[in-house]
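Quick notes on the structure that follows.
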Amino acid sequence: MAAPVVRAASSVRVLLWSGMAAFTLGFSVLSVLRHDAFNTGRFDLGNMVQAVWTTAHGHPLRMTDLQGDQISRLAAHVDPILVLFAPLWLLWPSPDLLVTVQALVVALGALPVFWLARKHLGSERVALGFAVAYLMQPAVQWLVLNEFHPVALATPLLLFAFWWLDEGRLVPFALAALLACTTKEEIPLAVCGMGLWYACSRRQWRTGLLIAAVALAWSLVAIEVVIPHFNAGAGSEFLSRYGDVGGSPAGILKTAVTHPGRIIDQALRDQGIRYMLELALPLGVLWALAPAALLIALPDLALNLLSHTSTQTSIHFHYTAGIIPGIVAATVLGTARAQRHLPRWPDFAGVAALALVLLSVAANWNLGAIPFWREVWHGQKLGAYDMRISAHDRIAARVLTRVPAGAAVSATNSLGAHLSARTRILSFPRILDATWIAVDETKLSTYDRLVALPSAKRLVLLRRDPAWQLVASEDGVLLFRRV
């Protein structure tokens with residue numbers, strides 16, 4: 001009997017690693033193709049490329065902001081994990097590096113999911129089902145395809161941290177949690193929720209509350225001290241997204257006490273309800289049986305629901321990174337709790353795992369990021385053609401090779417993602433000290449929004465300006481050089 005059991009366990013692990021490899025390969029290729037098709041932007045992939053490039057060249061986390069000032073990345077977000085990419089950049093100096101590593105690291109999140117399910121549900125086959133369900137989650141796949149954001153790395157890091165905390169191994173937990181906290185300023189709040197879970201569920205009150213207090217302090221210092229320090233004394237510009245409910249951590253807390261109805265109204269908008277359903281339903285409802293684990297997801301979920309920025313209540317962006325680990329962990333623990341209370345149904349966990357995989361596939365068909373679904377009846381078509389490289393894209397790529405390395409460039413958003421590995425990269429129509437200008441007339445955008453009129457007006461003036469020479473004009477892709 002021992003030999004078949006060993007072979008079964010071995011086959012399960014082969015399937016697990018094969019699934020992670022397929023996810024990594026598939027989504028890294030899709031991300032690279034999406035970039036080559038000029039469907040990434042200066043905001044945000046280009047920002048990360050520039051921060052990594054400047055770090056690799058001796059100026060840690062320096063970047064050019066929308067106004068054309070040279071600032072530290074820490075003035076916008078506290079994500080120093082980008083520094084770790086600098087040595088890799090010297091080996092592979094390409095934006096493809098960032099999106100490929102992102103796909104690989106997020107795929108590795110299936111490992112702690114597998115370990116956690118195997119421990120609490122007692123079966124490697126069942127655990128494989130939960131790991132596959134994680135990889136098939138629509139929010140996980142959109143997280144990887146949404147250009148590159150350091151915070152996406154928080155999803156697997158938080159899952160590893162939760163696994164080690166569940167095991168009571170505090171040193172590896174601290175290392176994983178520490179790395180997760182370097183991906184963005186609000187991620188320590190998820191670690192705070194993890195500490196509260198540890199205190200309540202494991203009755204480790206002193207350790208759990210200490211973890212929660214340290215993590216909360218980290219987040220507050222990042223938001224109230226680090227960002228203002230690097231932002232010339234001003235607070236984070238992203239706090240303006242919460243103007244309706246207080247505009248700052250203290251203001252939000254005050255509104256919650258004095259006007260709780262305003263908080264509820266903001267959170268329970270139609271888009272907010274749909275957002276919560278799209279996050280939660282692909283994992284069934286068993287997560288509701290482990291409410292303490294949901295404390296991990298609650299901070300980021302609350303931040304997204306209270307923001308007036310619509311992208312924060314969409315599963316198609318990176319704002320789900322701190323939410324996914326809590327829902328996934330709660331699903332595993334909720335299934336374990338249900339199994340304990342159903343002794344006459346010994347195979348409940350197996351049935352739950354199968355149902356979870358089928359539910360995840362169905363949700364992926366309707367909500368997911370795999371381009372194949374465009375060919376299926378009622379399949380998801382959003383972004384399904386973003387990976388097609390057109391003749392226009394090939395022309396743009398060829399034109400951009402004429403821009404000298406190191407030159408200060410002003411570019412429209414889609415071209416800027418391909419020109420950001422330099423000290424100075426401005427967003428057209430802002431020119432300032434740029435010596436080269438790259439414009440795609442078919443995508444007149446700045447920041448991450450289409451702003452055709454201001455850019456078109458500036459382009460008309462630019463064509464008449466004797467200080468600038470048009471050196472290339474192909475299929476709407478224009479390249480100017482300062483005379």
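The values are calculated or read from the model by the stated rules, or taken from the named source; none is laboratory data. None of the values given here were measured: they were computed from a predicted structure. Every residue, glycine as well, gets a Cβ built from its backbone with ideal geometry; the counts of neighbours run over all protein chains shown.
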Mind checking which residues of region 64-87 are under 20 Å from the mean Cα position of the chain (by Cα) and more than 19 Å from ILE187 (Cα to Cα)? PHE85, ALA86
Would you pick out the residues in region 53-69 that are out of contact with any strand residue (DSSP E or B) (no Cβ under 7 Å at 6 or more places or on another chain), closer than 20 Å to SER236 by Cβ and either touching a residue at least 40 places away in the same chain (Cβ under 8 Å) or of a type in the set (A, V, I, L, M, F, W, C) (or both)? GLN67
Given (1) in contact with a helix residue (DSSP H, G or I) (Cβ under 6 Å, 6 or more places away or on another chain); (2) of a type in the set (A, V, I, L, M); (3) not assigned by TED's automatic domain parsing to the domain that holds ALA280, number of the condition LEU84 does not satisfy: (1)
Is there any pair with a first residue in region 24-48 that is over 11 Å from THR100 (Cα atoms) and a second that is β-branched (Val, Ile, Thr) whose Cβ atoms are under 7 Å apart and which are 6 or more apart or on different chains, and what are they? LEU33/ILE389; ARG34/THR40; HIS35/VAL99; ASP36/ILE389; ALA37/ILE389; ARG42/ILE425; GLY46/ILE425
Quickly run through region 223-265 and pick out the residues that are under 27 Å from THR183 (Cα atoms) and polar (S, T, N, Q). ASN231, SER236, SER240, SER248
Please enumerate the residues belonging to region 316-345 that are crowded, with 24+ Cβ neighbours inside 10 Å and in a loop (DSSP other than H, G, I, E, B). ALA321, GLY322, ILE323
Within region 399-431, track down each residue that is without any contact (Cβ under 8 Å) to a residue 24 or more places away in the chain and of a type in the set (S, T, N, Q). THR401
Hey, THR313 among the hydroxyl-bearing types (Ser, Thr, Tyr), surrounded by 24 or more Cβ atoms within 10 Å (Cβ to Cβ) and more than 19 Å from SER240 (Cβ to Cβ) or not: no
Output the number of residues of region 31-46 satisfying the condition of being among the charged types (D, E, K, R), at pLDDT below 95 and out of contact with any Ser or Thr (no Cβ under 7 Å at 6 or more places or on another chain). 1
From the list SER28, SER11, which one is modelled with pLDDT under 95 and of a type in the set (Ser, Thr, Tyr)? SER11
Output the residues belonging to region 424-440 that are part of a loop (DSSP other than H, G, I, E, B) and at pLDDT 95 or above. ARG424, ALA434, THR435
When you scan region 86-93, do you find a residue that is surrounded by 22 or more Cβ atoms within 10 Å (Cβ to Cβ), in contact (Cβ under 8 Å) with a residue 24 or more places away in the chain and among the aromatic types (Phe, Trp, Tyr), even just one? no
For SER390, the lone unmet condition from (1) surrounded by 14 or more Cβ atoms within 10 Å (Cβ to Cβ); (2) over 23 Å from the mean Cα position of the chain (by Cα) is (1)
Select, from TRP345, TRP365, the only residue that is free of Cβ contacts under 8 Å to residues at least 12 places away in the same chain and in the same structural domain as ILE264 (by TED's automatic domain parsing). TRP345
Do any helices (runs of 4 or more DSSP H) lying entirely in region 2-104 carry at least 2 residues that are more than 30 Å from ALA127 (Cβ to Cβ) and small (Gly, Ala, Ser), and which ones are they? 47-56
Filter region 45-58 for residues that are of a type outside the set (Val, Ile, Thr) and crowded, with 22+ Cβ neighbours inside 10 Å; the one that is farthest from GLY406 (Cα to Cα) is LEU45
For region 148-178, how many residues are part of a helix (DSSP H, G or I) and over 15 Å from the mean Cα position of the chain (by Cα)? 16
Within region 208-235, which residues are part of a loop (DSSP other than H, G, I, E, B) and out of contact with any Pro (no Cβ under 8 Å at 6 or more places or on another chain)? ASN231, ALA232, GLY233
Return the pairs, sorted by first residue and then second, in which the second residue is modelled with pLDDT under 95 and not charged (D, E, K, R), the first residue lies in region 120-134 and is under 16 Å from ALA362 (Cβ atoms) and surrounded by fewer than 21 Cβ atoms within 10 Å (Cβ to Cβ), the beta carbons are less than 6 Å apart, and the residues are 6+ apart or on different chains. none
Look at SER455 and say whether it is buried (at least 16 other Cβ atoms within 10 Å of the Cβ) and in contact with a Pro (Cβ under 8 Å, 6 or more places away or on another chain). yes
Scan ALA280, ALA256 and give me the residue that is at pLDDT below 90 and closer than 22 Å to CYS192 by Cβ. ALA256
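The rows are residues; the columns are (1) surrounded by fewer than 24 Cβ atoms within 10 Å (Cβ to Cβ); (2) touching a His at 6+ places or on another chain (Cβ under 7 Å); (3) of a type in the set (Gly, Ala, Ser); (4) over 17 Å from VAL191 (Cβ atoms).
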| position | (1), (2), (3), (4) |
| --- | --- |
| VAL140 | no, no, no, yes |
| LEU143 | no, yes, no, yes |
| PHE148 | no, no, no, yes |
| LEU153 | no, no, no, no |
| PRO156 | no, no, no, no |
| TRP163 | yes, no, no, no |
| GLY168 | yes, no, yes, no |
| VAL171 | yes, no, no, no |
| LEU179 | yes, no, no, no |
